[in-house]
Amino acid sequence: MPDRPRAIVHIDLDAFYAAVEVLENPDLAGKPVLIGGRGRGVVAAASYPARTFGIRSAMPMFKALERCPQAIVLPPRFSLYRDYSRQVMEILHQASPLVEQISIDEAYLDLTDQVTAWEESVEIASSLQARVIDDVGLSASLGVATNKLVAKVASDHDKPGGLTVVQPGAEAAFLALYLAVQDKCSAAGAITVGCGTKDSGETGQDRNHDGQRTGAATQGRTESAFWQTWKRDGPAGAGS
Ligand SMILES: [Mg+2]
């Protein structure tokens, strides 16, 4: 192993099943789309427009439809999703022989041996993100860091379409800030759905007063506040 920081990328496709259905039927673009069975099933995936109603994956479908009766419900088409997943993974395999797929829409790449300077991994991640959009049509969020844990956390906090880089040496500060902001948001209690997320120009249509860190709303708020602090203060913000 080379005597320098590892370059790990985590890639996570955004609202994957729903995004594939929108690709297959562009009339669905911008609409609340839920993947799953009607009746007693749960939501397997929700498009971002659906999430602005406070709908999230694994929520009972009847509950989701209470929040958004006009949502379009589609049965999952797993073989179709696997085809798209395969296309994305092929792109990743072209960047590195070390690809660890962890689910249908998530993978780690180890770029350590593909780069001579750590920063090159950021350029590679950026080009992979562009290729996944250009060649496959899907939006992905990526994190670049020196280990898998931090890369995964990084990819998660700026969805959809984010590319978050945690420079070598900034890992602990990044995680500390991330947790601190999550604590502040959960302590704040009432959360307005859709506030502050970059994907929702929409106004909040629902409120969550239980203060739990559940759903896109809390996450959106957390991520937005986090991102602002991180951009402004960088690792130094972790202590605040
Ligand atoms: Mg995903």
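The values are calculated or read from the model by the stated rules, or taken from the named source; none is laboratory data. Because the structure is a prediction, the values reported are computed rather than measured. Please note: Cβ atoms are built from the backbone with ideal geometry, for glycine as well, and neighbour counts cover all protein chains shown.
With respect to GLY162, determine if the residue is in contact with a Phe, Trp or Tyr (Cβ under 9 Å, 6 or more places away or on another chain) and under 18 Å from GLN87 (Cβ atoms).
No.
Pick from the stretch 1-22 the residues that are in contact with a Gly (Cβ under 9 Å, 6 or more places away or on another chain) and away from the ligand (no atom under 15 Å from the Cβ): which of them is nearest to THR116 (Cα to Cα)?
PRO5
Return the residues of the stretch 64-79 that are touching a residue at least 40 places away in the same chain (Cβ under 8 Å) and within 16 Å of the ligand (Cβ to nearest atom); say none if nothing qualifies.
Matches in the stretch 64-79: PRO76 only.
Check off (1) more than 16 Å from the ligand (Cβ to nearest atom); (2) under 22 Å from LYS148 (Cβ atoms); (3) surrounded by 15 or more Cβ atoms within 10 Å (Cβ to Cβ) for MET61 and give me the number that stays unchecked.
(2)
SER79 passes all but one of (1) closer than 28 Å to VAL153 by Cβ; (2) among the small types (Gly, Ala, Ser); (3) not in a loop (DSSP other than H, G, I, E, B); which number fails?
(1)
Looking at the stretch 35-86, which of its residues are closer than 16 Å to TYR17 by Cα and aromatic (Phe, Trp, Tyr)?
Of everything in the stretch 35-86, those that are closer than 16 Å to TYR17 by Cα and aromatic (Phe, Trp, Tyr) turn out to be TYR48, PHE78, TYR81, TYR84.
Out of everything in the stretch 31-58 that is without any contact (Cβ under 8 Å) to a residue 40 or more places away in the chain and under 16 Å from SER103 (Cβ atoms), what residue ends up being surrounded by the most Cβ atoms within 10 Å (Cβ to Cβ)?
ALA45
Does ALA46 satisfy the condition of being within 16 Å of the ligand (Cβ to nearest atom), small (Gly, Ala, Ser) and either modelled with pLDDT of 95 or more or under 17 Å from the mean Cα position of the chain (by Cα) (or both)?
Yes; evaluated as a whole, the condition is true for this residue.
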